[in-house]
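Some notes on the structure that comes next.
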Amino acid sequence: MSYFAKSSSKALPIIPLTKDNLSSWCKKQKKDIQHWISDTAFEALPGKTCLISGSDGKLAKVLVGVSNSTNMWDCGNLSQDLPKGIYKFQHSNSKDAEKWALGWVLGSYQFDRYQKSKSTKKARIFLPKSSSFERIVEAIFLTRDLINTPAEDMGPVHLANAAQMLAKKHKASINITVGKNLLKKNYPAIHAVGRAVKTANQTPRLIDFKWGGKNHPKLTLVGKGVCFDTGGLNIKTTGGMKLMKKDMGGAANVLGLAHMIMSANLPVQLRVLIPAVENNIAGDALRPLDIITSRSGKTIEIGNTDAEGRVILADALTEACSDSPALIIDFATLTGAARVALGTELPALFTNSDQISKIITESGITEQDPLWRLPLWDGYQEKIQGTSADLTNAPEGGYGGAITAALFLQEFVEPKTNWAHIDLMAWNLTTKPGRPRGGEAMGIRSIFTALQNNSII
Ligand SMILES: [Zn+2]
């Protein structure tokens, strides 16, 4: 991959230093280096760099400030900050070096598919070959690319093609149910949300792929794939609609996580279910107070056509439960309420298992890929009851909207099945070290680590 350097022979050393150990490091250096560091006022603050030349005047090494406890984002800007060239970390702990390198590489990501002039190559990092490192980078770049691609080129057909490519790469079997066949096969809620479209590329569909040995425990991932969300007849505002190409961010994260799982050959029977639709406006669009009979038989009153994600997930979750998996995890850009509660950088985790919650949230801290649990608060159950149907997709008032959305999904999950629901932004509103503005993978590194440690399934 181009963001790695293949050889270390020309690599310049990068020396990570904390504010606390800078002076002891300086004492071991020659006078000219000591003067340079003090004259340039380098304090080894996290993310700050100091270029040091050799006696020939050429760049010889780089000092980078890092936090006392290893923080991968301290090196997230280095691909831009350092001069073009190849570098390697000079550090005794290879695990720490790998964390910094991950921050570096994730910060080097660019979505330049539509740019005539591609930016010139950046500073690159050398790492000893590591398939675990590469699969994480590939997964996150895949997720970001899928989200960043405009809806015109990332409609339901394109999302299905991306899933098909991934399935082929890992020799998974795939089945895609398209358009009217959704009705024949009894996925009425997916069809109802996605039917108001004109072109074949936009036709709603259910993507379903399976991978892994039959004697392993079953893990099913479900991803919300709303390729564009206009809001439907309850149309969004200009500002509210602008980013809605990202409303398939749940599906993109699920595909990224699936790539990690399959390329690491984890001992699971993986199934991926993605309802892929556009929530659009046409003569046959869903109307407020229409009632859909879902796959499960439960009826859903459409209080608001913009609360469509939970409606398509209803049918997908019913199907997910049909073969009794050991664990279901769904990812969805589901509610603005989750962003109000936790902000855009902290996905909300809901689960019916305290143990899974504990493991995933702890993994989130160690992986620097955090998730925060919100409750499936039974006291709000009455809010999701419909007036003329079993359920409403839009509780009155909207308070606790992330919770009521999760409670709605829970209606379609078998109570005995372990289930985690992740309500995420899937988008960086601003650029931060290692996290460029745009589509983002959130929570999948943490969950992959938890799965890899075999602790949640
Ligand atoms: Zn919506």
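The values are calculated or read from the model by the stated rules, or taken from the named source; none is laboratory data. The model shown is predicted, which means the values in this text are computed figures rather than measured ones. Glycine gets a Cβ as well: all are built from the backbone with ideal geometry, and neighbour counts include every protein chain shown.
Ile174 passes every criterion in (1) in a strand (DSSP E or B); (2) within 30 Å of Ile235 (Cβ to Cβ); (3) in contact with a helix residue (DSSP H, G or I) (Cβ under 6 Å, 6 or more places away or on another chain) apart from (2). For the range 110-125, the criterion of a residue being of a type in the set (Phe, Trp, Tyr), at pLDDT 95 or above and over 30 Å from Pro150 (Cα atoms) is satisfied by no position. Checking the structure you have, find out if any residue of the range 358-375 is closer than 26 Å to Pro188 by Cα, more than 16 Å from the ligand (Cβ to nearest atom) and without any contact (Cβ under 8 Å) to a residue 12 or more places away in the chain. There is no residue in the range 358-375 that is closer than 26 Å to Pro188 by Cα, more than 16 Å from the ligand (Cβ to nearest atom) and without any contact (Cβ under 8 Å) to a residue 12 or more places away in the chain.
Scanning the range 15-34 for residues that are within 17 Å of Gln90 (Cα to Cα), among the hydrophobic types (A, V, I, L, M, F, W, C) and assigned to a helix (DSSP H, G or I) returns Leu22, Trp25, Cys26.
The set of residues from the range 35-90 being in a helix (DSSP H, G or I) and touching a residue at least 60 places away in the same chain (Cβ under 8 Å) comprises Met72, Trp73, Asp74, Cys75, Leu78, Ser79. Looking only at the range 80-92, residues that are farther than 18 Å from Thr18 by Cα, in contact with a helix residue (DSSP H, G or I) (Cβ under 8 Å, 6 or more places away or on another chain) and modelled with pLDDT under 95 come to 1 in all. Of all the listed residues (Ala307, Ala337), the sole one being assigned by TED's automatic domain parsing to the domain that holds Phe209, within 16 Å of the ligand (Cβ to nearest atom) and over 19 Å from the mean Cα position of the chain (by Cα) is Ala307. Within the range 284-309, being under 13 Å from Gly194 (Cα atoms) and basic (Lys, Arg) holds for one residue alone: Arg287.
Matching residues to (1) out of contact with any helix residue (DSSP H, G or I) (no Cβ under 9 Å at 6 or more places or on another chain); (2) more than 27 Å from Ser69 (Cα to Cα):
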| site | (1), (2) |
| --- | --- |
| Glu301 | yes, yes |
| Ala307 | no, yes |
| Ala316 | no, yes |
| Ala326 | yes, yes |
| Val340 | no, yes |
| Ser357 | yes, no |
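If the condition is being more than 18 Å from Val222 (Cα to Cα) and free of Cβ contacts under 8 Å to residues at least 60 places away in the same chain, then the range 141-164 contributes Phe141, Glu152, Asp153.
Residues that are surrounded by 23 or more Cβ atoms within 10 Å (Cβ to Cβ) and either over 18 Å from the mean Cα position of the chain (by Cα) or closer than 15 Å to Ala285 by Cα (or both) were ranked within the range 320-334; the one that is farthest from the ligand (Cβ to nearest atom) is Pro325. Criterion applied to Gly297, Gly283, Gly240 was being modelled with pLDDT of 95 or more and within 15 Å of the ligand (Cβ to nearest atom), and the one residue passing it is Gly240. Among the residues of the range 264-280, just one is in contact with an Asp or Glu (Cβ under 6 Å, 6 or more places away or on another chain) and within 16 Å of the ligand (Cβ to nearest atom), namely Asn279. Of everything in the range 206-228, what is within 13 Å of the ligand (Cβ to nearest atom) and out of contact with any Lys or Arg (no Cβ under 7 Å at 6 or more places or on another chain)? Give them in sequence order. Listed by number, the residues that qualify are Lys224, Gly225, Val226, Cys227.
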